[in-house]
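The values are calculated or read from the model by the stated rules, or taken from the named source; none is laboratory data. Here the structure is a predicted model, which is why all the values come from computation and not from measurement. For accessibility, only protein heavy atoms count, side chains too; no ligands or nucleic acids. Shrake-Rupley method; radii C 1.70, N 1.55, O 1.52, S 1.80 Å.
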Amino acid sequence: QVQLVESGGGLVQPGGSLRLSCAASGVTLDYYAIGWFRQAPGKEREGVSCINRSGGSTYYADSVKGRFTISRDNAKNTVYLQMNSLNPEDTAVYYCAIRGWTCRSSALEYDSWGQGTQVTVSS
């Protein structure tokens, strides 16, 4: 059984930082591309970042480039999203997802999803 569990969300002030984690069981993440997506109220789910199979490239949406960093720890079977300089537009539920091939920006291309973790940026 594939299970992806996001954690690390919460309430943070503008300009603050959070680190999200995506812990996997039932799969070895090293074999997959891992994407982070987010969905805000009234908005479509959008791709935030993706990291390819072990040793592969990383990708970022223009809206987060320079502020967010994706990384993976194969020994822990976990992927992280470090989020810095957060602003209210980053408020959303953040999801991790896996894909059996390479990174894609569309959520429709991914095979399995976590339940999401809420990130709220507010003063």
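Put Glu46, Glu89 in order of accessible area, highest first, and with a 1.4 Å probe you get Glu89, Glu46. Ligands, DNA and RNA are left out, and with a 1.4 angstrom probe the accessible area of the range 23-113 is 51 Å² per residue.
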